[in-house]
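Here is the structure we will look at.
The values are calculated or read from the model by the stated rules, or taken from the named source; none is laboratory data. Model, not experiment: these values are computed from the prediction. Every residue, glycine among them, receives a Cβ derived from its backbone with ideal geometry; neighbour counts consider all protein chains shown. Areas reflect the complete protein model, heavy atoms only, side chains present, ligands, DNA and RNA absent. Shrake-Rupley method; radii C 1.70, N 1.55, O 1.52, S 1.80 Å.
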Amino acid sequence: MNSMTRRLVIGTAAVSMALSLAACGNDKPSSSSGSQAIGLLLPERTSSTRYEAFDKPLIEASVTGLCTRCTLDYANADGDEKVQKEQFDALLARGVKVILLDPVNASATAPWVEAAAKQGTKVIAYDRLAAGKVAAYISFDNQRTGELQGQALLDALGQRGKKAADAEIVMINGAETDPNAGDFKAGAHRALDGKVKRIAYEQSGEWKPEVASAKVDEAIAKLGKNGFQAVYSANDGMAGAIIDALHKAGRTDVPVGGQDASLDAVRRILTGDQAYTIYKPYQPEAEAAANMAVYLVKGIDVTSVASTVTKSGDEQIPSMLLTPIVVTKAKVVETVVDGGLYKAEEICTPQYAKACKDAGVPGF
């Protein structure tokens, strides 16, 4: 086991142990716990495959493992804020006492959280910080994620023999309704500003691949096909569409990075089409969310296990913020394979067998 994988395993175990000691001590409902259903509302499934492939099944397994009488009441909003509000209200109507919420539009949720509190329902902000007095917040250090993205883009320019100081950069950020996107953007600027010649074009891709593709077409029209040297993409779904747009324009030499360590992005990294992604190990995040939800169902205070606090308006939200990891071609094995996100054979289908062999993936 290499050092990076060892740190990941130790970190995952520490999160799980810290949260689960009290949660699994008593599986009977407390007098204040009410319903033992836990609501889980996730935002979309188009731009990022992580929610259906990882978050939902991992949270469900953790909840049922910690609390045999607990059930998960799940819905996905498919990117529609109105639909998510209806899903939230339906959970309240069913008497759910704890809701894990990853909001489509985080700025709109304060009245939702207030309505939930009036009937004794606690809301945990999952992955994105929802507005309002939420009971807890579980995510990754999002500004650090942006910094890692920006530094990885600088590194990719250097590896292609390009001076960062001479480079003009296109930035395609996430949705402005998502506070995480603002943190990613701020972190990326912290890494890039003063290191590159300039950010020549910057727009929101709204977490939609088709929008990101259109924005890159606009950048090409504005700057010229050869008028920029690298593209920052806030996530992998948009990165894939951006890379397709660049290839159609005849540009195959532009480093493009993303985030989420999606399977197609890992394959693009192995073939050289994508420069990097950011791996945010979903298991410790999902386990932390499930454990905190079970704590609240059982009437146990979560502040004792929160590792930090996050300021939200006038509130200080008990939080757990985890550490992201950069994935490049040289690090695919030691991150997403050794970390257990994907098996080598999942990544290395016949189409990608040669790329896997060239990258030193075991078995290929």
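With protein chains left intact and a 1.4 Å probe, residues in region 228-319 average 28 Å² of accessible area per residue. Taken per residue, the accessible surface of region 54-176 reaches 39 Å², heavy atoms only and a 1.4 Å probe.
Given the DSSP H assignment, sum -39500 (n - 2.57) over each helix run of at least 4 residues in the chain and divide by its residue total; what's the result at 222 nm in deg cm²/dmol, nearest 500? Walk me through the intermediate numbers first.
Numbers: 12 runs with 149 residues, N = 364.
Mean residue ellipticity at 222 nm (helix-derived): -13000 deg cm²/dmol.
Shown for region 286-364: the carbon plus sulfur share of the solvent-accessible area, taken with all protein chains present and a 1.4 angstrom probe, equals 51%. Work from the charge dipole of the chain (Cβ charges, +1 for Lys and Arg, -1 for Asp and Glu, about the Cα centre) and give the residue of PHE140, ALA191, ALA249 farthest towards its positive end. Going by the Cα projections, it comes out as ALA191.
Taking the DSSP beta bridges in the chain as the whole, what percent of them are antiparallel, to the nearest 5?
Values: 8 of 42 bridges.
Bridges in the chain that DSSP calls antiparallel: roughly 20 percent.
Once the Cα atoms are used to define both axes, helix 142-159 deviates from the longest principal axis of the chain by about 20 degrees.
3J(HN,Hα) couplings calculated from phi for region 185-199 with the Karplus curve 6.51 cos²θ - 1.76 cosθ + 1.60 (θ = phi - 60°) are, in sequence order, 4, 4, x, 5, 4, 4, 7, 8, 4, x, 9, 10, 4, 5, 8 Hz; Gly and Pro show x.
Surface composition of region 43-189: carbon plus sulfur atoms hold 49% of the accessible area, using a 1.4 angstrom probe and ignoring ligands, DNA and RNA.
Close amide-amide hydrogen proximity is noted between ASN173 and GLN203, SER204, GLY205, each under 5 Å apart and 5 or more residues distant or on a separate chain (H modeled in the peptide plane; Pro and chain starts excluded).
The length gained on full extension between LYS197 and LYS82, counted as 0.36 nm times the residue separation minus their Cα-Cα distance, comes to 37.2 nm. In degrees, nearest 10, range 0 to 90: what is the angle between the Cα axis of helix 282-297 and the longest Cα principal axis of the chain? With both axes taken from Cα atoms, the answer is about 20 degrees.
When the dipole is taken about the Cα centre of region 42-161, and only Lys, Arg (+1) and Asp, Glu (-1) are charged at their Cβ, what size is it in debye, to the nearest 20? Please list the in-between numbers first.
Values: 14 positive and 16 negative charges, 74 e Å.
For this selection, approximately 360 debye.
Measuring nothing but how far apart in sequence close Cα pairs (under 8 Å, 6+ apart) lie, relative to its length, the chain scores a relative contact order of 20 percent. To the nearest ten degrees, helix 3-23 and the longest principal axis of the Cα atoms of the chain are 20 degrees apart.
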